[in-house]
Amino acid sequence: MHVKLVDGFSGFVSQWLQEGRLDIAVLYAARRSPAISAEPLADEELFLFASRDVARRAIRQGIVPARGSAPIEAISRLDIILPGREHGLRRALQRAGARPDPGRLLEVESLAAIRALVRQKAAWSVLPRAGLTADDSAGLMMWPLGDPPMRVRLMLAFGANRPITPAFRAVTGFLKKEVARLQHRQVMSPPAPH
C-alpha cells in the first residue's frame, strides 16, 4: 500500500477526487457529483476568530460581543480572510447569510497562511476548531459563529468507480477511528440526522 497525504480546501480536494488524483478524501459536504460517493463523517462547529488586539477593538466597536456567540452578520463589518467561493467552508457561510464586504475580504487558498495572517493581526477568519492548532488558540480570541452555532458536515468521500480494496478499508477505518477520537475530545461531533 502506498499512502500519500495531501491537504487543501474542499473545493480543490473534491476536484482532485473527481480527476482520480485521490482515492479517498475528507471534505465539507460537497456538491453532488456522480463521480463521487460520500458518507457523513462528523459535524464541526464554526468559530469566528482573531488575534487578541484585533478582537478587543471589535468588542469596543460593538461588532462582536465580549461573550457568547458572534452574529453571522458581523462578517460583513470585519476585515476577514476566507477561502475562495468554490470551497465548502465559503459556500456554507454564504448559505447561512454571511456577506463579507468585498473591500474588506482577502481570499486565501491556504489554511496555514490564513492562520498565520490572523496571528499577525491582519484580519479575522472563520474555521472549525480542528482547523486551529494549540499554538493558534493561545494567541486568539474565538466565538462560536451564529446562534445556534453554525455547523458544517464533514464527509468521507471517494471515487464512485473505485474498487473497495483491503488498503481502502484500512485507510477509511483509520480515518473513522481518528474522527471518533476527535469526537471523544469534543473537537467534532457525530453527524446529526437531517
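The values are calculated or read from the model by the stated rules, or taken from the named source; none is laboratory data. These figures come from a predicted structure and were not determined experimentally. Ideal geometry is used to build each Cβ from the backbone, glycine not excepted, and the neighbour counts take in all protein chains shown. Areas reflect the complete protein model, heavy atoms only, side chains present, ligands, DNA and RNA absent. Shrake-Rupley method; radii C 1.70, N 1.55, O 1.52, S 1.80 Å.
Apart from one condition, Glu45 fits all of (1) out of contact with any Pro (no Cβ under 7 Å at 6 or more places or on another chain); (2) within 28 Å of Asp101 (Cα to Cα); (3) not small (Gly, Ala, Ser); the exception is (1).
Do we find a residue being open to solvent by 10 Å² or more (accessible area, probe 1.4 Å), of a type in the set (A, V, I, L, M, F, W, C), assigned to a loop (DSSP other than H, G, I, E, B) and more than 20 Å from Arg151 (Cα to Cα) anywhere in segment 11-23? For segment 11-23, residues open to solvent by 10 Å² or more (accessible area, probe 1.4 Å), of a type in the set (A, V, I, L, M, F, W, C), assigned to a loop (DSSP other than H, G, I, E, B) and more than 20 Å from Arg151 (Cα to Cα): present.
For a quick check of your reading: which helices (runs of 4 or more DSSP H) sit entirely within segment 65-160 and have at least 2 residues that are open to solvent by less than 40 Å² (accessible area, probe 1.4 Å)?
Values: elements: 88-95, 111-119, 134-138.
In segment 65-160, 88-95, 111-119 are the helices (runs of 4 or more DSSP H) which contain 2 or more residues that are open to solvent by less than 40 Å² (accessible area, probe 1.4 Å).
Just one of (1) in contact (Cβ under 8 Å) with a residue 12 or more places away in the chain; (2) within 24 Å of Gln186 (Cβ to Cβ); (3) open to solvent by 70 Å² or more (accessible area, probe 1.4 Å) fails for Ala50. It is (3). Regarding Arg57, is this residue without any contact (Cβ under 8 Å) to a residue 12 or more places away in the chain and surrounded by fewer than 18 Cβ atoms within 10 Å (Cβ to Cβ)? Spelling it out, Arg57 is indeed without any contact (Cβ under 8 Å) to a residue 12 or more places away in the chain and surrounded by fewer than 18 Cβ atoms within 10 Å (Cβ to Cβ).
Quick check on Ser33: is it more than 18 Å from Ala112 (Cα to Cα), in contact with a Ser or Thr (Cβ under 9 Å, 6 or more places away or on another chain) and outside any strand (DSSP E or B)? Yes; evaluated as a whole, the condition is true for this residue. Contact map, segment 3-30: residues that are more than 20 Å from Arg85 (Cα to Cα) paired with residues that are at pLDDT 85 or above and crowded, with 18+ Cβ neighbours inside 10 Å, Cβ distance under 6 Å, separation 6+ or inter-chain. Pairs shown: Ile24/Phe158. Looking only at segment 168-175, decide whether some residue is part of a strand (DSSP E or B), at negative phi, open to solvent by less than 40 Å² (accessible area, probe 1.4 Å) and among the hydroxyl-bearing types (Ser, Thr, Tyr). No, because not a single residue in segment 168-175 is part of a strand (DSSP E or B), at negative phi, open to solvent by less than 40 Å² (accessible area, probe 1.4 Å) and among the hydroxyl-bearing types (Ser, Thr, Tyr). Entry remark, segment 176-186: residues being under 13 Å from Arg129 (Cα atoms) and either without any contact (Cβ under 8 Å) to a residue 60 or more places away in the chain or charged (D, E, K, R) (or both) number 2 in total.
Residue by residue, here is whether (1) under 18 Å from Asp147 (Cβ atoms); (2) at pLDDT 95 or above holds:
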residue: Arg57; (1), (2): no, yes
residue: Ala66; (1), (2): yes, yes
residue: Ala74; (1), (2): yes, yes
residue: Asp79; (1), (2): no, yes
residue: Leu89; (1), (2): no, no
residue: Ala92; (1), (2): yes, no
